[in-house]
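The values are calculated or read from the model by the stated rules, or taken from the named source; none is laboratory data. Fair warning: this is a prediction, and the values are worked out from it, not measured in the lab. With ideal geometry, Cβ positions are generated from the backbone for all residues, glycine too; neighbour counts draw on all protein chains shown. When the accessible area is computed, the model is the full protein with side chains, heavy atoms only, and any ligands, DNA or RNA have been set aside. Shrake-Rupley method; radii C 1.70, N 1.55, O 1.52, S 1.80 Å.
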Protein chains: 2
Amino acid sequence: MSVPTIKFYVREGLLPAGELTSPNQASYGEAHVRRLRLIRALLDVGGLSVAAIRGVVMAVDDPGRPVHMVLGAATKPLVPRYGREADGGIEEARKTVAGLIEARGWRADPSGPASDALATALVALDELGHGRFVEVLDAYADAAEGVARADLDYVAHHVAREELVESAVVGTVLGDAIFAALRRLAHTDASNRMFGRTEEDGGAE
Amino acid sequence: MSVPTIKFYVREGLLPAGELTSPNQASYGEAHVRRLRLIRALLDVGGLSVAAIRGVVMAVDDPGRPVHMVLGAATKPLVPRYGREADGGIEEARKTVAGLIEARGWRADPSGPASDALATALVALDELGHGRFVEVLDAYADAAEGVARADLDYVAHHVAREELVESAVVGTVLGDAIFAALRRLAHTDASNRMFGRTEEDGGAE
DNA sequence: GATAGTGGCGAGTGCCACTATCCATACTTT
DNA sequence: AAAGTATGGATAGTGGCACTCGCCACTATC
């Protein structure tokens, strides 16, 4: 971690400035190192932009807000922003999403950012000729519930209350990466069973 | 979709040039439109780079190769490239991953890119004080297997053999996005149940 | 026959995550 | 005490990437 980079993060508001002991001497503590690791994790593994990370840390550092609001604010920058404003059929996709939320009994906003992201992805899939994919959406939702349960379980056992928000952010971002990697491995396994290969370089999907 | 952008894609090798009917007139067909949609999906939803997409389409278009090799080549650019070379403890994480693959009986390469990505994420988690997370890794793996089964099921029923490779790419990328969104929704649900909120703006994580 | 569009190509744009340079001051070494 | 080095702060520059512009010769269209 180079010094100029750290200065850059301080300027961008990702990292609090060290406490000045003299006009040109500042001291950094364990909290700074920890924050730095958080930034690197969100940046490298999560692929977040500096602006998004700024949003996250501002929410994490906000002292007086009720927990669930901080959670909302902190995780809002985590859902990726899709460029295109869906050429068409987005309404139908939204209905599908709303129906899923309804059927599952989820207490979630059918017009929130996560629902938007889901609808956008479904539209893209449909445009590529995979409209029938919605038929397996339930299996995905089952898996998502399973993962969410595991996350809650972990949080309940291993996370202190004051670390809750940061843990939620970390878990959301790194959890995505971990699950994606596991899915790749499971796909590789399936593909190799199907086509009868067992070793070699990259591993077929 | 602006004309210069399309010209750019052709130049970058993402999109085959149209068939020239005159020295300066080319005709584009359904295949081009489809390819364009694929590119936009990978770019916008999947967040792939142009270079990665070039790798994908080259593999997809390669006619003579055995299916599993094309699958491997096509999905290789899909696993994200993490910048940092893990400060330490990567060896232990690798062992954890290898152990998981072994325990699951997965036919997957414990030193392939997906395994690498998983190990990197685990290291990052550990550095942030969440080393115990490995305890819930099995639940994640269960979910990943469930999703992979659903994917296979979908492919078996709805995908023609000649579309297999492209579908695998699309499914890998969009599937990630879809699952991530569903996970967000499931988290929102859990959080709202826990903190007793039911509506309002963004949806708390 | 003027306007507008096309293929092809090199160069330019804007955004983003850094990185280099500078300055004045302060700590460290000898 | 003198020399060298490091730090905080600020401004400007770099490189990569996904486009985007402008130019050219030519052609399709009104």
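Here are some notes:
- When B:Leu43 is tested against the conditions (1) open to solvent by 30 Å² or more (accessible area, probe 1.4 Å); (2) outside any helix (DSSP H, G or I), the lone failure is (2).
- When residues of the range B:1-58 are limited to those that are β-branched (Val, Ile, Thr) and within 10 Å of DNA strand C (Cβ to nearest atom), the one farthest from A:Gly47 (Cα to Cα): B:Thr21
- When every residue of the range B:77-93 is checked against the conditions, none turns out to be touching an Asp or Glu at 6+ places or on another chain (Cβ under 6 Å), over 23 Å from A:Val169 (Cβ atoms) and surrounded by 14 or more Cβ atoms within 10 Å (Cβ to Cβ).
- Top-ranked residue of the range B:1-14 - restricted to ones that are open to solvent by 50 Å² or more (accessible area, probe 1.4 Å) and either within 14 Å of chain A (Cβ to nearest Cβ) or among the charged types (D, E, K, R) (or both), ranked as nearest to DNA strand D (Cβ to nearest atom): B:Ser2
- All positions within the range A:123-150 that are in contact (Cβ under 8 Å) with a residue 12 or more places away in the chain, facing another protein chain (nearest Cβ under 7 Å) and within 25 Å of B:Asp142 (Cβ to Cβ): A:Ala141, A:Glu145, A:Val147
- Residue match in the range B:85-97 (condition: within 18 Å of the chain's Cα centre (by Cα) and within 12 Å of chain A (Cβ to nearest Cβ)): no
- So A:Leu128, is it assigned by TED's automatic domain parsing to the domain that holds A:Ala31 and open to solvent by less than 10 Å² (accessible area, probe 1.4 Å): no
- When each of A:Glu145, A:Glu162 is tested for being under 17 Å from the mean Cα position of the chain (by Cα), surrounded by fewer than 22 Cβ atoms within 10 Å (Cβ to Cβ) and part of a helix (DSSP H, G or I), the lone residue that passes is A:Glu145.
- Any hit, the range A:37-46, residues being within 16 Å of DNA strand D (Cβ to nearest atom) and within 11 Å of chain B (Cβ to nearest Cβ): yes
- Unique match (being within 16 Å of DNA strand D (Cβ to nearest atom), more than 17 Å from the chain's Cα centre (by Cα) and closer than 24 Å to B:Val123 by Cβ) among A:Ala17, A:Ala26, A:Ala31: A:Ala31
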